[in-house]
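A quick write-up on the structure given underneath.
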Amino acid sequence: MSGPRKLFIKTYGCQMNVYDSERMAEALGGQGYVATDTPDDADMILLNTCHIREKAAEKVYSELGRYKGLKAANPDLKIGVTGCVAQAEGQEIIRRQPMVDLVVGPQSYHRLPEMEARLKAGERVVDTDMPEEDKFAHLKGRGTARRAPTAFLTVQEGCDKFCSFCVVPYTRGAEVSRPADRVLAEARALVEAGVREITLLGQNVNAYHGHAGGLAGLIRALADIDGLERIRYTTSHPNDMDDALIAAHGEVEKLMPYLHLPVQSGSDRILKAMNRKHTAESYLRLIERVRDARPDLHLSGDFIVGFPGETEADFEDTMTILREAGYGTAFSFRYSPRPGTPAAERAGQVAPDVAAERLARLQARITEQQRALQDAMVGREVSVLFEKPGRLPGQMVGKSEYLHAVHVDASEIAPGTIAPVVLLASAPNSLSGRIIA
Ligand code: SAH
Ligand code: SF4
Ligand code: F3S
């Protein structure tokens, strides 16, 4: 039988996986696959996985279990595991779950078309090579189909930082930057297809060196693209916030006043044990410099609670830096020991109930602080990029420059429109306002 075959991709983990899933669908599009949003009638299912915490990794096996019936009903169904669990566990995945046909690590997606041919011939394929090449150089170009007004664009892959808790340097490999000309060409194609805002992605995006001027140089070059209105980037490491990038926050109008800059802990002892190579004080000074360049900057961060050796006093330092840095948004996680990382082997593992209790305290404080800063937006004027209809009839929702979700009653506004909005009320996860004529 001919006709398009159906591809279902389920994506876990970070935004880089979201981007990769899209690129994989494009690569397999050349093999006659079209995307479907349900596994039920799929000819191929890919789970694009995350290994960052144990819970994330274990989800894969429970999800695979759900496909048993589908595979029994359709023996031609191909099931694949891609992403960071694929890289970390390789062949082991097939041993634990024999119905898996394909295991592919994040740096091998450009070989998917060949792999697909081998699968069709009845082979099982495991590919976790980490070639010293840029997978994106070999992936076919982006389609020209109309797109949502916002898009991700990966510019940097991998990490050389080796924080002692983190699997990313092992699952994504060494830092690689994509050449600026390719990034710019892709950005132009996205803008042609209707994109107004691009978020540049990398596990360490501010270590980008594919442009002579670093990430700041790339941002300035992107800002010259007509029709591209907003630029964001994530995730950054404090040690790679150079002067040029800080200056760009003050000078490049299209660069949004939002910075996700994880600190992980407020305790210098713990930061040292994490191999972060910055202190709480140096981090706070850095934030001050970025705010000097862009006073209305909205700061976001990540925290790990219950890292081996963390005492109550260390945890209090984390509570303190949360307040002192003035985060408008923050994500916090209970430390999860990851196989192969140095911290997993250390003495002083914090008891799960102690860590859970600290996490609850931190999260309560984060919610409070987030809400207070969001409430303080009421009465202010922001600029909103509208993305889609809201939950209630007649509503449109979008994001402010600070990444707050904002809804207005104005169904005639087209997605992709940017309009000034005066904020009138603050709800737990969004603001509402009125478009200023
Ligand atoms: N490159 C980014 C973070 C990538 S992982 C950076 O350096 O900031 C996203 C977040 O997951 C991290 O910031 C950290 O807070 C959290 N994380 C990573 N490994 C973890 C682990 N073993 N246990 C709990 N949280 C972890
Ligand atoms: Fe992981 Fe640290 Fe690299 Fe971020 S900088 S990806 S936390 S090793
Ligand atoms: Fe997860 Fe891999 Fe991203 S471990 S957070 S999917 S880089």
What is the dipole size for segment 117-231, taken about its Cα centre, with +1 at each Lys and Arg Cβ and -1 at each Asp and Glu Cβ, in debye to the nearest 20? 440 debye
For residue 251, solvent-accessible area (1.4 Å; no DNA, RNA or ligand), Å²: 120 Å²
Based on the alpha-carbon gyration tensor of segment 238-355 and its eigenvalue square roots a ≥ b ≥ c, which shape applies: rounded if a/c is under 1.5, prolate if not and a/b is larger than b/c, or oblate? prolate
Among the lysines, which fall within straight-line cross-link reach of residue 254, defined as a Cα-Cα distance under 30 Å, with same-chain neighbours fewer than 8 residues apart omitted? 135, 140, 161, 388, 399
If r is the Cβ-Cβ distance from residue 91 to residue 347 and R0 is 30 Å, what FRET efficiency results, to the nearest 0.05? 0.40
Of the accessible area of the chain, with the probe set at 1.4 angstrom, what percent is carbon plus sulfur? 52 percent
Over segment 258-376, with the other protein chains present, what is the accessible area per residue in square angstrom, probe 1.4 angstrom? 44 Å²
Roughly what % antiparallel, to the nearest 5, for the DSSP beta bridges in the chain? 35 percent
What residue among 68, 78, 388 has the largest mean-square fluctuation in a Gaussian network model of the chain, using Cα springs under 10 Å? 68
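Hey, if we sort 229, 89 by accessible area with the 1.4 Å probe, largest down, what's the order?
In descending accessible area the options line up as 229, 89.
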Once both labels are modelled 7 Å past Cα along the beta-carbon direction, what's the residue 58-residue 268 spacing in nm? 3.8 nm
All other residues with a Cβ under 10 Å from the Cβ of residue 386 taken together, and with Lys, Arg as +1 and Asp, Glu as -1, what is their net charge? +2
Over the alpha-carbon set of the chain, work out the extent along each principal axis and list the three values in angstrom, largest first. 61, 59, 46
Could you work out the percent of alpha carbon pairs in segment 381-435 separated by over 15 Å, rounded to a whole number? 32 percent
How many angstrom separate the Cα center of segment 189-205 from the Cα center of segment 326-346? 28 Å
Neighbourhood charge, 13 Å Cβ-Cβ cut-off, centred on residue 121 and excluding it, Lys, Arg +1 and Asp, Glu -1: -1
For the chain, give me every cysteine whose Cβ has no other Cys Cβ within less than 4.7 Å, ordered by residue number. 14, 50, 84, 159
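The values are calculated or read from the model by the stated rules, or taken from the named source; none is laboratory data. Please read these numbers as outputs of a predicted model, since none were measured by experiment. Every residue, glycine among them, receives a Cβ derived from its backbone with ideal geometry; neighbour counts consider all protein chains shown. Each accessible area value is taken on the protein alone, full model and side chains, heavy atoms only, with ligands, DNA and RNA left out. Shrake-Rupley method; radii C 1.70, N 1.55, O 1.52, S 1.80 Å.
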